[in-house]
Amino acid sequence: MMGSLLNGLIFTQPLLLFALAGLPVLWFLLRVMPPRPRVIVLPSLRFLEGLLPEKTSPSHTPWWILLLRLLILALVILALSGPVMNPSAGLESDKPLRLVIDNGWSAAPVWDAQLREADNLIAQAERANIPVLLLTTAAVSAPEAQDPPRLMAAAEARSTIKGIAPRPWDTDYLSLIPRIEAMSDQEFQSVWLSDGIAHRGFDGLAKALAAKRSVSLFHPAPEALALALNIRHSLSGVEVILQDADESGSLPRPVTVQAVGEDGRVLGFQTYNISEDNKAPLFFEMPEALRGNVTQYRLAGTPGAGGVFLLDESFKRRSVGIAAPGEKSDRAPLVEASYYLRRALEPYADLAFDTVEALTAQNRSMIILPDVAAMPLSELNALESWVDKGGLLLRFAGPVMADNVNNLPLVPVPLRQGGRALEGSLTGGEALKIQEFSPESPLAGLEIPKDIVIRQQVLADPAEDMTGKVWAALEDGTPLITAKPYGKGLLVMVHTSAGPDWSDLPLSGLFVEMLRRLAALSHAPTGHETGQAAVSLDPIMVLDGFGVPRKPDAGVKPITVSEIAGGIKTGPDHPPGLYGRSGLQVALNLGTQKLSLKILTDVPAGVRKTSYGQSYEFSLMPFILTLAAVLALLDWLVMSVLALTLRWPARGRKITVMVIGVFLMSLSTPVHATPEDDLKHAGALYLAYIKTGDGTVDSQSGRGLGNLAKALSSRTSAEPAGVAGIDIESDALAFFPWIFWPVTETQKPPSPAALQKIQFYLDHGGTILFDLRYGAGQNIAASQNLQKITGALNIPPLQPSPKTMFLAALFICWIFSRGCIQRASYGWKRAP
Amino acid sequence: MPALLDMIRGRAERAAAGLPGLVMRAEKIAASITHGEHSKRRAGAGEKFWQFRAYDPSDRPQDIDWKQSAKTQHVFVREKEWQNPQKVMFWCAGAAGMDYSSDPATPTKHETALVMSLALAILMTRAGEQVAALGAKRSGRSELAIRALAEHIVEEGEAHDLPDPAALSMNAGLVMAGDFLSNLDYIRACFDVMDGRTRQGIIIQILDPAEIDLPFEGRALFRAPGLGEHDPVKIDHIGEIRRQYQERITEHCRALEELCRQYGWLYFFHRTDHDLAELTAAIWDSAAQHTGKGVA
């Protein structure tokens, strides 16, 4: 039932257009054959005899009014015949529609476009009365896979498609191909709503679809392609790694990464311009103090599970082990190194005092050895392999070490035998201060207190090449802190003691800051504790396809640590999210996986490529109907003007006036605050009043507050930006520090929702000034109305405010500005 | 023309069936008007008590009010108010045009005329005057007379635009209610004859709003009610002749009023969609003043 009249214009109900042919006939009948006159019985008939019509008005309805009305009628007929502009290429009416929808995580950014296109296609299918076969490409769980796709009516497809959403895992073309091939005996017209990425098996699927019939493939603009985010805490900071489909780099686009805290607040964001030329690693700069609060990083503006990177415990508080007996020491605590280390690190890290063997077994991210020189071979081996796997070993010098430096293992630089006492009777020197940290040092930027001196240290062997190894040095250039990577880990050596006996360092704030930086450098070694690898972790929180966290459903299976470490693929069984059990949380992120994101460029023969949003149907019906309505109003206006000039009977005039009134009223429907208004109100101080619906009172309020604003600007430091009239039912109150509420007799009590809003406003420090407008006790009806309004609010009883109070002063200002109150009764304040 | 007679008979019977209701309405209107206005407000031959007065030798002894005299030392005469009973004859136009109402909500002209006549009749009987339908033989001032009047108007009423002047008794008052849409010359001829016979005439012209305003639109074929001596009139655009029509009918009413003024009769105008009681009260009021003045 589709007849094409114009290029790009079709009518869904073309038969109705034949009614247009009736219009000239109607014209003819109206002009040539007027209706039979009514018979009116009138006793005063005698007086009608011989009356001649006056020549002051035309004898017929003017032809142009008739033409206008016929035009209105024609437009209505046209609208009812369902004109559709730009109909899509059109589906053939004999073959079922096969709709392939990409719904992996990478479809999230284009999901809206996909849904619109799908709706559009289903609408066409409905018109053409052909069944629809829906196929989704995301991997499905085993039970779902057993449901074969089936043909359904267009209406059913429309409701089914509402239930489809992007899944938080990858698209799986390979498993879809056999299912397509199984259907090869049937003929379909296929439409593929792709996410613009050539996932693995793309060509195979395209060929399978195109085997019998042509395929149209929709793809999004390159800006809308999905991105996967990976975050790594490295020595240099928070490294941002983006997996981008656009590997050709033809389209540089800005990418904003947000750091999100536990409560969903954005703690920081940074925008990167990714392009082909810039392959340098990207870093997320953020204060160290905030970094610990980040629970996830996400890409702003790019929805999708791949754009969300959840942080698990390996990113959180560092677990630091101190190889010292802890508190159970015989010595006085204030001279013990472990005491200072504990006090410095306790607020920022999980601390444990234990033997080296136990600490390495716990897989701490940082181990501190205060003044330890020799250790048993087994411990040494454990320590070495731990550092090799990524641990950060921080050593402090001390009297013990100073005497046993020969072949000392696991130090960044060789040391010289014996300590160097800088301040002694024999040396004649003075205790030295610390040099400013060089910009390359991870400690750069820390402020060095002036009164800190180092009295004694262990010297590095000057024969050694020191470039890049010195993180801090004394004034004379001797290294104070040296470091060296070791395997995946890091060795750091502080050439003085962790106790106050060799230096003032442990007594200073610098010590704390320094240790925090060092702790932040450490990261959990990749290897996990033995014995935990096989522990199965239950899903705690999973992401949906758009990257929104949600509760895991029953289909999500537990996962083991080793599986995650082994890079298990996300899928229906293991969506990305947080998995864990008490004491252990591990994140499964899409971004850490090797995703094959290849931009879709070439398609096999037989596949037609189009972009989304190019062929939306556009129904003209509403516009034509609107035009007809406007013309009808015009007709009314013309008729009413004629009626006024021709003194037509009063009744008709009244109706006309009424209709015009309704028309004008519809033009001036109450305007509510738009988001822009809210933005405006939030940005500056606005005096607000409640619109009562009584025009006089409202304009009085507005003018009064305007004057008050002027008075405030000229007399006080407050400079209101303007006056805002607010509708208590629909507008936000939060932006106004003070709201003026004239209470009228006719005002309706606020709805429960509005009452809640008022209550919230009052509970959070808002002030409402109710005005009875004639002084208390004089306007009984308004008082009762005020009771009605405030009766439902949980506020302490009102009491008269003292005259010295700000409100009273304000009120006096107000009276002056309004100048219309005979006997003022003061504002009220809330009883304390 | 038996058919015509049958038609009129049927109409009369229908009206008579509603007569008690009409009488009730008339009584209600009459009750709402404070009566006694018709009194002469001076002592004289009447039935109502006027005042006690000290006995004068010129008074007749039988006028002495012994009861009042016994209360005091003086002899009192009971004076009665001077009233002059008179005969008032009522006529309602009964032509087919009277049985017309443009809107079901408003009463017909005939009904309005009847109710107003009855209301005035009731008021007049209360004031001690005798009422009768024009052309009826009996007159009286009782409830029965009212009934007889109503029945006469409804049943014996003739399908005429104007009354028969010969039926008017000498020196009787005359109340005429009708639309008086006839040619003014006919009306004048009729009134000329009656003027010699009546002491006082009251003309109540009753018109339907549609007859005054012509509130129709478009094309219409106008037809006179009844069997009609008039040919139908076709109007193409009523709106265009409305003003002329209104001028014509207003002119006619003005001429009628002028005619009444010439005879010294009272002229009243009533639209059927206006309040009946109000006009009745006005008529009663000015009629009483008029007669009072006339006699004094």
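Please state which one of B:ALA255, B:ALA177 is in contact with a His (Cβ under 9 Å, 6 or more places away or on another chain) and in contact (Cβ under 8 Å) with a residue 40 or more places away in the chain. So that I can check it myself, show each step before the final result.
Working: B:ALA255 fails: in contact with a His (Cβ under 9 Å, 6 or more places away or on another chain).
After applying the criteria, what remains is B:ALA177.
Is it fair to say A:ALA718 is surrounded by 15 or more Cβ atoms within 10 Å (Cβ to Cβ) and not in a strand (DSSP E or B)? Give the steps one after another, and end with the answer.
Working: surrounded by 15 or more Cβ atoms within 10 Å (Cβ to Cβ): no; not in a strand (DSSP E or B): yes.
No.
Being surrounded by 15 or more Cβ atoms within 10 Å (Cβ to Cβ), modelled with pLDDT of 75 or more and out of contact with any strand residue (DSSP E or B) (no Cβ under 7 Å at 6 or more places or on another chain) is the filter; apply it to the stretch A:27-50 and report the residue that is farthest from the other protein chains (Cβ to nearest Cβ).
Just the residues of the stretch A:27-50 that are surrounded by 15 or more Cβ atoms within 10 Å (Cβ to Cβ), to begin with: A:27, A:30, A:37, A:40-48.
Narrowing further to those that are modelled with pLDDT of 75 or more: A:27, A:40-48.
Add one more test, that the residue is out of contact with any strand residue (DSSP E or B) (no Cβ under 7 Å at 6 or more places or on another chain), and what stays is A:27, A:43-44, A:46-47.
Values: A:TRP27: 19, A:PRO43: 3, A:SER44: 4, A:ARG46: 6, A:PHE47: 5 Å.
This residue is A:TRP27.
Just for the stretch B:205-248: of the residues that are more than 7 Å from chain A (Cβ to nearest Cβ) and assigned to a strand (DSSP E or B), which one is surrounded by the most Cβ atoms within 10 Å (Cβ to Cβ)?
B:ILE206
Considering only residues that are in contact with a helix residue (DSSP H, G or I) (Cβ under 8 Å, 6 or more places away or on another chain) and not hydrophobic (A, V, I, L, M, F, W, C), which ones fall in the stretch A:716-730?
If the condition is that a residue be in contact with a helix residue (DSSP H, G or I) (Cβ under 8 Å, 6 or more places away or on another chain) and not hydrophobic (A, V, I, L, M, F, W, C), then A:GLU719, A:PRO720, A:GLY722, A:GLY725, A:GLU729 are the ones that fit.
Matching residues to (1) more than 30 Å from A:SER44 (Cα to Cα); (2) away from every other protein chain (no Cβ under 14 Å):
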residue	(1), (2)
B:ASP56	yes, yes
B:LYS71	yes, yes
B:VAL77	yes, yes
B:VAL88	no, yes
B:CYS92	no, yes
B:ALA96	no, no
B:ALA105	no, yes
B:LEU118	no, yes
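What's the number of the only condition in (1) touching a Pro at 6+ places or on another chain (Cβ under 8 Å); (2) at pLDDT 85 or above that A:ALA226 fails to meet?
It fails just one condition, (2).
Scan the stretch B:152-186 residue by residue and report those that are touching a Phe, Trp or Tyr at 6+ places or on another chain (Cβ under 6 Å) and at pLDDT 85 or above. Spell out how you get there, then give the answer.
The first filter runs over the stretch B:152-186 and keeps only residues touching a Phe, Trp or Tyr at 6+ places or on another chain (Cβ under 6 Å), leaving B:163, B:175-176.
Passing the criteria: B:VAL175, B:MET176.
Looking only at residues that are crowded, with 18+ Cβ neighbours inside 10 Å and not aliphatic (A, V, I, L, M) in the stretch A:380-417, which one is farthest from A:ASP465 (Cα to Cα)?
The extreme case among them is A:TRP386.
Taking B:ALA189 as the residue in question, decide whether it is crowded, with 17+ Cβ neighbours inside 10 Å, modelled with pLDDT of 85 or more and away from chain A (no Cβ under 12 Å). Break it down into steps so the answer makes sense when it comes.
Details: crowded, with 17+ Cβ neighbours inside 10 Å: no; modelled with pLDDT of 85 or more: yes; away from chain A (no Cβ under 12 Å): yes.
Judged against the criteria, B:ALA189 is not a match.
Could you check the stretch A:142-199 and list, in sequence order, the residues that are acidic (Asp, Glu), assigned to a loop (DSSP other than H, G, I, E, B) and free of Cβ contacts under 8 Å to residues at least 40 places away in the same chain? Steps first, answer last, please.
Initial filter on the stretch A:142-199 (acidic (Asp, Glu)): A:144, A:147, A:156, A:170, A:172, A:181, A:185, A:187, A:195.
Then drop every residue that is not assigned to a loop (DSSP other than H, G, I, E, B), which leaves A:147, A:170, A:172, A:185, A:187, A:195.
Answer for the stretch A:142-199, where residues must be acidic (Asp, Glu), assigned to a loop (DSSP other than H, G, I, E, B) and free of Cβ contacts under 8 Å to residues at least 40 places away in the same chain: A:ASP147, A:ASP185.
Within the stretch A:409-438, how many residues are within 56 Å of the chain's Cα centre (by Cα) and modelled with pLDDT of 80 or more? Talk me through it step by step, then tell me what you get.
Taking the stretch A:409-438 first, the residues within 56 Å of the chain's Cα centre (by Cα) are A:409-415, A:431-438.
Keeping just the survivors that are modelled with pLDDT of 80 or more gives A:409-415, A:432-438.
Looking only at that region, the number is 14.
Kindly provide the set of residues from the stretch A:243-257 that are at pLDDT 80 or above and either within 29 Å of A:LEU490 (Cα to Cα) or not in a strand (DSSP E or B) (or both), ordered by number.
Correct list: A:VAL257 only.
Please go through (1) touching a residue at least 60 places away in the same chain (Cβ under 8 Å); (2) away from chain A (no Cβ under 14 Å); (3) charged (D, E, K, R) for B:ASP161 and return the number of the only condition it doesn't satisfy.
(2)
The values are calculated or read from the model by the stated rules, or taken from the named source; none is laboratory data. The structure presented is a predicted model; accordingly, all values stated were derived computationally and were not measured. Positions of Cβ are backbone-derived with ideal geometry, glycine not excepted, and every protein chain shown enters the neighbour counts.
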